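Any read-out appearing in this document is the output of simple, stated calculations on the displayed coordinates, not a laboratory observation. No experiment lies behind these values; they were computed from the predicted model shown. All Cβ positions, even for glycine, are placed from backbone atoms using ideal geometry, and neighbour counts span all protein chains on display.
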Amino acid sequence: MLLLLLLLTPTAAKGQALQMPTAGQGRLRADHVRYDARDKAYLAEGDVRLTLGDVEVRAQRLRLEHESQTAYVFGEVTVRQGDTTLSARTVTYDLTRKMARALGDPLLSQGGITVRADRMEFDLERRRTFFYGAVRIAHKDVTVNAAEMRYDAAAGEAVAPDVVVTQPGRIVRAHRLRYLPQSGRLELDGGVVVEQESGEHLVQEGVIESPRDDEAQRLLASRATLTCDRLIILIEERTARAEGNLTVKQQGRSASASAAVYADRERRLTMTGDVVLLDRDGSRLRADVVVLSLADETVEATGNVVTEFALKPGR
């Protein structure tokens, strides 16, 4: 239950990384500018500043080809558009094809979110952004790592294979991530594994109350692991749903079910489909549905309920 609660704080960018410059006059400024009439290209060096509509580019060197409408920018490049900033060693802007590319430790920042990758490509017309190689997305204390990621602003969708999400005390792995920022829906598919060192920070943040007894405190501080086929998180509703081959293991205890839904506002976990709860002392609970309430500190089982427990022999 704590694992599903801990997953209700995902984050991702909701805007487009870079877009086509707004219509307007282009302007080039630098310490030294030379025009090559044969190639019809501007060559600029030293404190280069290129303005294209609402886009400002700063760098050490620049080659701007007039006919192809392509700008090659080198050396400590910074591109700013609205609240978006892109920095890299090399940036290419192809306004004819409406494409841009960043190489050399590119870093994209927007709204408190930073993205790093080996290479970034921007389809300015279709509003698509592609990140390749050692992708790392960070926001506050949450980090997402993947080999590559695609963000389609027009479709409102971000997709990445083989992701690892880390937060202090927690690691989440899955074969595929899909994020829909407009609806606040995060989907993790395939071999989902959530490893949680402890849930103590939930007490510190006021999400749950401190356990009253020593056993509950030890359980809260212990490591837990959740595995399932699919995990869906609805951020606005503050619900998390785990589906397919669900198992949770924590300090000698385990739970399994076909699916589970955690509703944060009600502080309630509902497990359905062949639910089995196994305690450290060997006691077992089987049922079709089990509802655990954090608010009331109750467990309710319905449908084909079977409870097995060990009897201690009398003296």
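Between THR247 and ASP288, what is the label-to-label distance in nm when each label sits 7 Å out along the Cα-to-Cβ direction?
Result: 2.6 nm between the two label points.
With r as the distance between the Cβ atoms of TYR35 and ASP118 and R0 = 35 Å, compute the FRET efficiency 1/(1 + (r/R0)^6) and round to 0.05.
That pair, ASP118 with TYR35, gives E of 0.55.
Give the shape of region 44-105 as rounded, prolate or oblate, defined through the alpha-carbon gyration tensor: a ≥ b ≥ c are the square roots of its eigenvalues, a/c under 1.5 means rounded, and otherwise the shape is prolate if a/b is larger than b/c and oblate if not.
rounded
Cα centroid distance between region 237-315 and region 56-108, in Å?
Using only Cα atoms to place each centre, the spacing works out to 55 Å.
For region 137-154, in order, what is each residue's ³J(HN,Hα) by Karplus, 6.51 cos²θ - 1.76 cosθ + 1.60 with θ = phi - 60°, in whole Hz (x at glycine and Pro)?
Each residue's phi maps through the Karplus curve to give 10, 10, 8, 6, 9, 9, 10, 10, 10, 7, 6, 7, 7, 10, 10, 10, 5, 5 Hz.
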